[in-house]
Amino acid sequence: MLAALLLSLGQSVWAQDDGAYQSSDTEEVLEARITDIGVCVYDLQVYVKTDSLTQKEDTICIASRPEILWQSENVNVYDSLSIDLAMQPRRAVRRAIVDSGMRQWGNLMEDYVNNFYYYVFRYEYPSVDADGNPIMLSAIAACPTREATKEVRNIIIGTHLTITADSQRPSAQINNFKQDDWGMIFSLAADSKLVLQTGYGVGATAVFAVASTIAVAALFIPGLGMLLAAPFAVVAILSGTYIVDQMGQSAASHEFNDNLVIMADYEGYGLTKERAHPYLYQELTARQCIDATRYGRDLYEHDAALTYLRHPIREQFRTMSVGYSQGGSVALACQRFIEQNNLVEEFHFAGSYCGDGPYDPIATLMSYVQQSVDGKNLSMPVVLPLIVKGMLDTNPYMVSHKAEDYFRPEFVNTGIFDWLSSKDYTTGDIDAKWQELYDAKKTEKNYKSCSLKDIMNDECYNYFLKLYNDNKDTFTSAEGVPLPKQRGVMEDLHFALASNDVSRGWNPEHTIQLFHSTGDTVVPYSNALKVKNTFGDKVELEDARNKQDHMDSGTDFFKGDSNLDVILDVLNLRMYHRVSDICKRKW
């Protein structure tokens, strides 16, 4: 069970034997518990097409997006018949959708092939808040099916990207499993070995490839080459040999499957929706993710509710952290927390894979100032109020300050901070609300697309403009931007941001694999440069070849950028390769 260990953040200890958490200054004991168990499933649909000229029949296969069926829906997740019955109404809806757009492929065969990729379980676990007080948080984990493997290979600490709506948290996935960043990270729990099977029909050769969380069907038609069908749509006609060879090589050379994947919701979401989310409070979020990992592993190995799901964790397992955007900085913060708190041996920690993360908030802000000086608008204005709100809510330097100290009153009056506090709106929703205010002539600026000067008040903007001018040639160097020599309203924001810089103040013991796009304007490339310049050979920095902005770079981070664009819809090749590489390293 979990070993007793004093951790650095807050006065708390892990209790031996019972997996319970007990604060050192209270008698309250909080225990981790499983709240739901589910199974991630997909359907493989088979169509028969009759050639109008030759009257020969060809077979086309269409794979659906995965969905999670939960035990709380009165589905026995351990019984395939129960799952099959539960899926029938969903199949009927899906069939109607597919039939309406896929009539050209012929008749849908009545036989379905169900594949159960992996199990998931939601749970609550104890940790600490910013004041070191006990708190219960929520998380979700994914693990291989019984049929997929005989052991869990590794433990993956998944850290999710920036969200502003509670509905976006990982554990909120109830019926429709979304292929968001946590969906892609969860595919690391799947039986992801690539299977190539050749079947012979009349006049065609069908090649079926099953990989990760989606099945894809490829049909070789003489004269046309390889016809590849992605979910609900035919997406490309390519050389059959090239696709098969490339997919086969990718699968054969990398072992990235059958892991225990754990993802925390972060404080402020899920069980703690009513609390403020400590955005970019790196040490606290890392601590809470590490707690989620330790309790998640303990539940997986010992809780009776998971007896049917359980596999032994291999003796030489590795643990690594992986995430993109906010998740990238949290993944790096998790590595720092593990190494600084002597947890390397317990975790068999091997390293982190981090994409386009705000590792240095000051470097990020300096890049925003640079954009303003160049006459450019912020590409995602919601990020800055989200950052400052996180500091105001949880950082000791900011307890006596308020949003109006840093932002223009007309910007605050749009309701942005109320929207963020509600957890009801996604970043897209917030952009839409700003557009509505502008269209209704209630604001002079459309804050959906605005400059730094449009939202920061003059005092705040001028403070950071001077900071930029004084350090514009060195803010990505190892020494970074110097700290203020005194306290003040603006200086306190400077201190608060700098206190969450994970690119300094420690010496990494393990490899940090960074991925970043030079075209990212939301989380600028200066963040990656700062980490690389500080830690040198410990950092392996890979530039995104597509040089696109933040959201598109995220696709590249997980799936890769190659000539096999169609394959990238079903394989998270870059992430698989990086995870495989890190998990082969020594701890």
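The values are calculated or read from the model by the stated rules, or taken from the named source; none is laboratory data. Small disclaimer: the values here were computed from a predicted structure and weren't measured. Here the Cβ positions follow ideal geometry from the backbone for every residue, glycine too, while neighbour counts run over all protein chains shown. Calculation scope for accessible area: heavy atoms of the full protein, side chains included, ligands and nucleic acids excluded. Shrake-Rupley method; radii C 1.70, N 1.55, O 1.52, S 1.80 Å.
With respect to the stated conditions, residue 310 fails to be among the basic types (Lys, Arg), at pLDDT 95 or above and over 30 Å from residue 389 (Cα atoms).
The number of residues in the stretch 273-294 being open to solvent by 10 Å² or more (accessible area, probe 1.4 Å) and under 19 Å from residue 319 (Cα atoms) comes to 1.
Scan the stretch 394-446 for residues that are in contact with a Pro (Cβ under 7 Å, 6 or more places away or on another chain) and either of a type in the set (Ser, Thr, Tyr) or at positive phi (or both) and the total you get is 1. One residue stands out in the stretch 541-557 among those that are touching a Lys or Arg at 6+ places or on another chain (Cβ under 9 Å) and not hydrophobic (A, V, I, L, M, F, W, C): the one that is surrounded by the most Cβ atoms within 10 Å (Cβ to Cβ), namely 553. For the stretch 416-434, taking the residues that are loosely packed, with under 15 Cβ neighbours inside 10 Å and without any contact (Cβ under 8 Å) to a residue 60 or more places away in the chain, the one that is nearest to residue 380 (Cα to Cα) is identified as 428. Within the stretch 307-315, none of the residues are touching an Asp or Glu at 6+ places or on another chain (Cβ under 7 Å), farther than 22 Å from residue 150 by Cβ and either open to solvent by 10 Å² or more (accessible area, probe 1.4 Å) or touching a residue at least 24 places away in the same chain (Cβ under 8 Å) (or both). Taken together, the residues in the stretch 396-415 that are open to solvent by less than 40 Å² (accessible area, probe 1.4 Å), under 28 Å from residue 129 (Cα atoms) and in a helix (DSSP H, G or I) amount to 4.
Contact annotation: residue pairs with Cβ atoms under 7 Å, 6 or more positions apart or on different chains, pairing a residue in the stretch 266-288 that is within 15 Å of residue 386 (Cα to Cα) and assigned to a helix (DSSP H, G or I) with a partner that is of a type in the set (S, T, N, Q) and open to solvent by less than 10 Å² (accessible area, probe 1.4 Å), are 282/329; 282/500.
Please tell me if residue 60 is open to solvent by 70 Å² or more (accessible area, probe 1.4 Å) and at pLDDT below 80. For residue 60, the condition - open to solvent by 70 Å² or more (accessible area, probe 1.4 Å) and at pLDDT below 80 - is not met. Considering 530, 547, the condition of being within 17 Å of residue 282 (Cβ to Cβ), charged (D, E, K, R) and within 23 Å of the chain's Cα centre (by Cα) is satisfied by 530 alone. Out of curiosity, is residue 447 open to solvent by 40 Å² or more (accessible area, probe 1.4 Å) and of a type in the set (Ser, Thr, Tyr)? Criteria not met by residue 447.
None of 433, 376, 441 is part of a helix (DSSP H, G or I) and out of contact with any His (no Cβ under 8 Å at 6 or more places or on another chain) except 433.
Condition check ((1) open to solvent by 10 Å² or more (accessible area, probe 1.4 Å); (2) under 28 Å from residue 399 (Cα atoms); (3) under 20 Å from the mean Cα position of the chain (by Cα)) across all residues:
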position: 476; (1), (2), (3): yes, no, no
position: 486; (1), (2), (3): yes, yes, no
position: 493; (1), (2), (3): no, yes, no
position: 499; (1), (2), (3): yes, yes, no
position: 504; (1), (2), (3): yes, yes, no
position: 516; (1), (2), (3): no, no, yes
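Count of the stretch 519-549 residues, restricted to those that are over 20 Å from residue 326 (Cβ atoms) and assigned to a loop (DSSP other than H, G, I, E, B), is 3.
Just to be sure before I move on: is residue 470 surrounded by 16 or more Cβ atoms within 10 Å (Cβ to Cβ) and charged (D, E, K, R) in the structure I sent? Considered against the rule, which asks whether it is surrounded by 16 or more Cβ atoms within 10 Å (Cβ to Cβ) and charged (D, E, K, R), residue 470 comes out as no. Checking 393, 470 one by one, the residue that is charged (D, E, K, R), out of contact with any Phe, Trp or Tyr (no Cβ under 6 Å at 6 or more places or on another chain), assigned to a helix (DSSP H, G or I) and within 29 Å of residue 539 (Cβ to Cβ) is 470 and no other. Among the residues of the stretch 324-346, just one is of a type in the set (S, T, N, Q), open to solvent by 10 Å² or more (accessible area, probe 1.4 Å) and assigned to a helix (DSSP H, G or I), namely 340.
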